[in-house]
Structures are given as C-alpha cells and as structure tokens.
Amino acid sequence: MRVPRLGSVLLVLVPCARALPTRRGALRTSSAALSGGGLFSNLFGSQRASAASPPTLQPKKGRGGATNEVVGVVDGIRQKRLGGSDIIVSEMGLGTQRWGSTDFNAPGEMLCHKMMDRAILGGGINLIDTAEQYPIPSDFARQEGSTERIIGSWLAKDKARRSKVVLASKITGGRNVNARNIVKDLDGSLDRLGTDYLDLYLLHWPARYTPQSNWGQSLEYSQEMERYSGGRTSFEEVADTMSSLVRAGKIRGWGMCNDNAYGLTASAYAARALGGTPPVVMQNDYSIINRRIEENGLSEASSPTNENVGFMAYNTLAGGVLTGKYLDQPAAVDQRDSAAARKYLDQPRGRMDEKGWGYTLYRYRSGPAEEATRAYARLARENGLSLTELSLRWCRARSAVTTTLLGHTSMSQLEEDLRFFQKTEPLPADLMWQIDRVHMRNRLPIFASTRVGTDWYGEGQIGEPIP
C-alpha cells in the first residue's frame, strides 16, 4: 500500500470538518469535528484539551527529575528543579553584573549586603549569579573579581549562610576556555567567594565562534569568521574537565551562558560519550522582546524530554527599557535635541543614558524594539499593570524558564520585584494571547533595526557583523 504524503493527509482531513465562516476560513474547523483546537490540534494534539491539568513531561531514564518542576514555596517564592540535578533554585535570582561597578548607580558593598539580607534571609530567594569578570564596567580601583569578593564578604559574616544559597559563577569565555584555565579560574572564584565549592559553573560565552554570543545584532552564522577562529577548545575537553570538577566536589553542576541549541546538545553528547556529567543549565538574554531561545531550538533541546536542562533568563527588562522609563523621552544617545541629550547625560535615569551602555545596548531601542515596547506598554496599562510587572510575570510563565536573574540598584527595586514574583496567579489567558499577537508582528524585534546605514557594508551600529 502506498503511504500518502503529509500533503495528501491534509487534503483528506480538511474537507471532513465543517468550515466555520471566520477570518481563518476553511482552515478553521469546529470543535465538534476536531475536538477543540483546529487542524493542527488534530495532527499534534490539543493544548486546550489539557489546559486544566497538563500532563507532566518526563525526562528520559537516567536523567534525573524534570527540570522546572516546582518542589516548594519559600516566603511566597516558588522553588524549582534546575535540569535533572538535585539543585533547587528560586524562580527569581540575584543578578550581580554591576555590583561594585563604575556605573553611576552601581550598588556598593553595603547596599549589596542589604539586598542579600532581604532577598536570601527573608525573601525566599536562594540564587546568586556572578562571574569572575564582574563587575562590568570595571576600572583599576574596582577590578574584575570585586563582585565575587562582595558576595564572599557577606557569606563570611555567618558560616550558615553558605547552605542557604545556590552560587553560580562563570569563567571568561573565548580562548580563555581550556582545561587548565577552567580549573585555575574556578580556584580564583572559590578564593574570592570564600567557599570550597560552587553549585554551578558556566562558560560566560562559548569557546568557539558563534553569533549567539555577540552583543550586537548578529544572527547569521559566518563561515568566514569560523575560518579565523582557530585554536578553540573542544566540547570534549570542556565536558571532561567540568565532569572531573563535579567528581572532585568542587562544583555541583555546570553549563553555558550566551550559547545555543548546538552548543547545548554537543556538550551533552560529549559528556555522555565520556561517561561524564552533562550540563544542567543554560543562561541567555531573554525577554518579552527577545524570545530567541524559544524559536532557535534551545527551548526544545533543553526540554525535560530531551536534554533536561534548566534555563536562567537575564536582561528580562532589556537593560531597563521594559520599565518604560525611556518611552516619553528617549535615551540620551537617541536624543535629537542636544539640550535634552545633555540633561540626561548629566542626570541619567538608567544605564541607557550613559554613552557606553547606551551605544552598546542599542538593540533594545531599535525601531522595531521600541514599537514592540510601546505596544506592550499599552497592553499593560489596559490591564492595570506596569510594564515592568507585565514583563516579569510574562517571563515567569514561560515553560522554558527555570529562573529569572534580576539586577537591582536600590532596595525599592528589589522589593517591587519580590512582590511581583510572590503573585501566584498567572496573567490572564486573553492577555497572554494579546502579547502573542504583538509578537507575531515582529518575532525578533531586537534583531531588526531601522538604523542600518547605506555605507556600513555588513556591519551593525557597534561594528558587529550583520546580518
């Protein structure tokens, strides 16, 4: 018997269902015919049918419990499993990139200690994410590594504090990544933090070339750049070294930051082939205006039924853009009025008003990104929410996200975010659909731009290769 192609199956299925007179025309079918959800529900299963009690995704045998499983609630904050490990993290974590940095509003050591007191000792938060390269930006007086020292000085106040936190740090990426440096740099982080183990150790960016790790708007993989990126450390060397550190008790788990589905799966396969420990976490830029991980295969690869790897979202407020503070008056570097530009450079509202950050993070304010931000701000107002609350609660609801890393420059910001994450009710389904409708207008707004000069010849606004 000749097996029909999928196209033939579609021709059989569609006429059998009664078409409804809607804008979707013949492809819109009645719930009586296709059991609630249309043509694709019949082919792949309906999301609506199981909305009340969705089935639990089960990891493959030998890969631990399911990532993102909620295992408890502490002070109103949900605690979730990270990957297939026994590491449990709060679904909000402390991002520390600018702790002790040269930024005008960077929190100093005393304020950082107060934030850890509030969040960890009384706020249900247990995750602190840092890196050997932090703070960013740094200078001679506030050198790289200072952020880890700030965290270490807080831990040193009470030995019992170490057991209350999940510590994640990162080795500087690129050509710095090799077996020797992974061990050496880890020892440096442990010394600054004043502990003998890390819960999580990540590559800050991949050892190999990939457009995923670029700070600009690069998306296309360039074979020409690959030819000039020799000397990279293999997936096997990284996986073997990380696995040896797990066996030695110096780390509990490992993973990658600013990487993609290829990096995750290659790392996992390399670790298993060597009889080692596969990665348990990924960390990437992710927000309501940057869903790239959902649409480039990473969320599929990290699913419990596949590699079963947790995900930490950073830049969830898009460098402050998703607080709405730059909607009425653009960032200083975007101002056409020189007086207004000077005003905000002298009295910055946030890092987008600083020249360094303002130029570097222009992608969050590209024409399409601003258009999407304004649309989400309207939805927030119509539903009695701030844009900040909408953005954070949307992120928390995404199935791929284990935890959201948030940086704070004041106690009031921290208190606000704690309140948002303590709200147990999800955003209304209709609001989530309206958000998706905005998303469908431009699925990658921060990687689209109205700022492309005719004489830039393959470069973006900060010199990155595009597309």
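Quick note: the coordinates plus some simple rules give every number you see, no bench work behind them. Nothing here was measured: the structure is a model prediction, and the numbers come from that model. For neighbour counting, all protein chains shown are included, and Cβ atoms are generated from backbone atoms with ideal geometry for every residue, glycine included.
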Requested in this report: Extending each Cα 7 Å along its Cβ direction at Lys184 and Asp346, get the distance between those two points in nm, one decimal.
Outcome: 4.8 nm
Report summary line: Residue separation between Tyr221 and Asp328 times 0.36 nm, minus their alpha-carbon distance, gives in nm 34.9 nm
Requested in this report: Compute the FRET efficiency between Arg381 and Arg247 as 1/(1 + (r/R0)^6), taking r as their Cβ-Cβ distance and R0 = 51 Å, and round to the nearest 0.05.
Outcome: 0.45
Requested in this report: For the chain, build the charge dipole from Cβ charges (+1 Lys, Arg; -1 Asp, Glu) around the Cα centre, then report which of Ser101, Met312, Ser302 sits farthest towards its positive end.
Outcome: Ser302
**Report entry** Length gained when the stretch Ala273-Ser410 is fully extended (0.36 nm per residue, less Cα-Cα span)
**Finding:** 44.7 nm
Report summary line: Here FRET efficiency (C-beta to C-beta, Arg443 to Ala339, R₀ 41 Å, nearest 0.05) is 0.65
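Once the Cβ-Cβ distance between Ile136 and Glu464 is put in as r, and R0 is 22 Å, what FRET efficiency do you end up with, to the nearest 0.05?
Values: r = 18 Å, r/R0 = 0.81.
The formula returns an efficiency of 0.80 here.
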Report summary line: Computed over segment 325-365, the relative contact order (Cα-Cα under 8 Å, seq sep at least six) in percent reads 36 percent
Query raised in the report: By DSSP, what percent of the beta bridges with both residues in the chain are antiparallel, rounded to the nearest 5?
Result: 25 percent
Query raised in the report: If the label point is 7 Å along Cα→Cβ of Lys159, which residues in segment 177-206 have backbone nitrogen under 17 Å from it?
Result: 194-197
Report task. May I ask you to list the lysines whose Cα is less than 29 Å away from that of Lys325, ignoring any residue fewer than eight positions away on the same chain? Result -> Lys114, Lys343, Lys355, Lys423
Report summary line: Applying the gyration tensor rule to the Cα atoms of segment 68-141 (axes a ≥ b ≥ c; rounded if a/c under 1.5, else prolate if a/b exceeds b/c, else oblate), the class is oblate
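Can you list which of the trypsin sites (Lys or Arg not before Pro) found in segment 55-141 are DSSP loop residues with at most 16 other C-beta atoms within 10 Å?
Details: sites: Lys60, Lys61, Arg63, Arg78, Lys80, Arg81, Arg98, Lys114, Arg118; in loops: Lys60, Lys61, Arg63, Arg98.
Within segment 55-141, the qualifying trypsin sites (Lys or Arg not before Pro) (loop, at most 16 other Cβ atoms within 10 Å) are Lys60, Lys61.
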Report summary line: Quick calc, the chain, dipole around Cα centre from Cβ unit charges on Lys, Arg (+) and Asp, Glu (-), nearest 20 debye, gives 1260 debye
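Take every Cα pair under 8 Å in the chain that's 6+ residues apart, average their separations, divide by the length, and report that relative contact order as a whole percent. List each step's numbers first, then the result.
Values: 851 pairs, mean separation 69.1, N = 467.
15 percent.
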